[in-house]
């Protein structure tokens, strides 16, 4: 992030940890682990409304943990490593920890079933499949 003068803003540790201190945001990070995911899949897997998902994603963006890309009507999100190496290491550790959690495993399985099913739910038909990314 840059200020109006072009100087980089200092890393905001409090915002970073606050972003990780919410179960919904952790679930979103788990779903994006190594994949770029369309918002419609988050809504389907987490089972809440799109505005709430978007608010959580905006919080993660502000914290510098995720980035977004638009493709027509679809918004795709992916994890980005923070520039601060300590924060990047914490994020990697959190992602490894999430892999061991039963709810997080269930969410990932649900994502794969929803996005790769022969007949996806009507609300997400035509949505682009998640893309693998290198982090």
- [ ] Report whether or not residue 56 is closer than 27 Å to residue 9 by Cα, within 10 Å of the chain's Cα centre (by Cα) and modelled with pLDDT under 95.
- [x] no
TODO: Mind listing whichever residues of the range 59-79 are touching a residue at least 40 places away in the same chain (Cβ under 8 Å) and under 18 Å from residue 9 (Cα atoms)?
DONE: 59, 60, 62, 63, 64, 65
TODO: Take residue 37 and decide whether it is in contact with a helix residue (DSSP H, G or I) (Cβ under 9 Å, 6 or more places away or on another chain), modelled with pLDDT under 95 and closer than 18 Å to residue 95 by Cα.
DONE: yes
Open item on the list: Here is a check on your reading of the model: is residue 27 closer than 20 Å to residue 113 by Cα and part of a loop (DSSP other than H, G, I, E, B)?
Closed with: no
Open item on the list: Would you confirm, using the coordinates I've provided, whether residue 119 is modelled with pLDDT of 95 or more and either loosely packed, with under 12 Cβ neighbours inside 10 Å or more than 16 Å from the chain's Cα centre (by Cα) (or both)?
Closed with: no
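The values are calculated or read from the model by the stated rules, or taken from the named source; none is laboratory data. Model, not experiment: these values are computed from the prediction. Counting neighbours? That spans all protein chains shown, and the Cβs are built from the backbone with ideal geometry, glycine included.
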